[in-house]
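The values are calculated or read from the model by the stated rules, or taken from the named source; none is laboratory data. None of these values were measured; they are calculated from a predicted model. Positions of Cβ are generated from backbone atoms using ideal geometry, with glycine treated the same way; all protein chains shown enter the neighbour counts. Heavy atoms of the whole protein, side chains included, go into the accessibility calculation; ligands, DNA and RNA do not. Shrake-Rupley method; radii C 1.70, N 1.55, O 1.52, S 1.80 Å.
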Amino acid sequence: MIEMWGTTNSNSSKFADHYYVAGNDAGALIWQMVYWSQGMNLENMINQAKAAEHWTIVGIGYALKAYSWDMLTKVYGEVPMKQAFGSEVRTSFDYDYQEEIYEQVRTWANESVKYLEMDDKTVYGSKISDNDWVYKGNKDKWKKFAYSVIVRNLASLSNKKDFVSKYADQ
C-alpha cells in the first residue's frame with residue numbers, strides 16, 4: 001500500500017505501481033544492472049575464473065557482459081565503457097561512442113564462445129547448475145546465447161549504408 005503513495009508525479013508513479021513504459025528505461029534499470037548490479041562483480045567473476053582456469057564460468061561471464069552492454073548502448077547510445085571500472089576515486093567518466101561499444105560487445109560474445117569451447121577439466125558438481133537459472137550450466141545453450149547476442153547486435157546495424165561492406169560477413 002505504501003508503494004502507491006510513492007509519488008504524485010504521473011511519470012514516476014508507474015514505478016510505485018510496479019510497471020513501466022514499454023521500450024523505455026526511465027527507471028534506469030539497465031544502467032543500474034550494467035554498472036552496479038553486475039559491475040565489478042562480473043569483472044571479478046571473469047578474472048577469478050580465468051586465474052582458476054574455470055573456462056565455463058569465464059564463458060558465461062563474457063556472454064552476460066556482452067548481452068548487458070549491448071542492451072545498454074542500444075537504449076542510451078554513448079556510455080562510459082573503457083573507464084567504467086578500475087578506479088575507486090574517479091568521479092567523472094569519458095563516454096565511448098556506440099560504434100566502439102558495439103564492436104566490443106561482439107568481441108566479448110566471441111570470447112564467450114571461445115572459452116565455452118575450451119576443454120574445462122573442472123568438476124563443478126552442482127556449483128553452476130544450481131546457480132545458473134537460465135541454462136543450468138549447459139555450455140551449448142550458452143554458446144547459442146552468445147551467438148544470438150552477435151546476431152542481435154549486427155541486426156541493429158542492418159540499415160546502415162555500409163552494412164554489407166563492413167558487417168555482413170560477421
**OP:** Output the qualifying pairs, or none if there are none: Cβ atoms under 9 angstrom, residues six or more apart or on different chains, first residue in segment 45-66 and more than 12 Å from Asp132 (Cβ to Cβ), second residue crowded, with 22+ Cβ neighbours inside 10 Å and of a type in the set (S, T, N, Q).
**Re:** Val58/Ser112; Tyr62/Ser112; Lys65/Ser112; Ala66/Ser112; Ala66/Asn153
Subject >> Total residues in segment 31-59, condition among the hydroxyl-bearing types (Ser, Thr, Tyr) and surrounded by 14 or more Cβ atoms within 10 Å (Cβ to Cβ) >> reply: 2
Subject >> Inter-residue pairs, beta-carbon under 7 Å, first touching a residue at least 12 places away in the same chain (Cβ under 8 Å) and in segment 73-85, second of a type in the set (Ser, Thr, Tyr) and in a loop (DSSP other than H, G, I, E, B), 6+ apart >> reply: Lys74/Ser156; Glu78/Tyr95; Glu78/Tyr97; Val79/Tyr95; Pro80/Tyr95
**OP:** Would you mind telling me which numbered condition in (1) outside any helix (DSSP H, G or I); (2) open to solvent by 40 Å² or more (accessible area, probe 1.4 Å) Ala84 fails?
**Re:** (2)
**OP:** State all residues of segment 130-170 that are in a loop (DSSP other than H, G, I, E, B), in contact (Cβ under 8 Å) with a residue 40 or more places away in the chain and among the basic types (Lys, Arg); if no residue qualifies, say none.
**Re:** none
Subject >> Condition met for Ser92 (part of a loop (DSSP other than H, G, I, E, B), free of Cβ contacts under 8 Å to residues at least 24 places away in the same chain, open to solvent by less than 70 Å² (accessible area, probe 1.4 Å) and out of contact with any His (no Cβ under 9 Å at 6 or more places or on another chain)) >> reply: no
**OP:** Would you check which residues across segment 60-81 are of a type in the set (A, V, I, L, M), open to solvent by 10 Å² or more (accessible area, probe 1.4 Å) and out of contact with any Phe, Trp or Tyr (no Cβ under 6 Å at 6 or more places or on another chain) and list them?
**Re:** Leu64, Met71, Val75, Met81
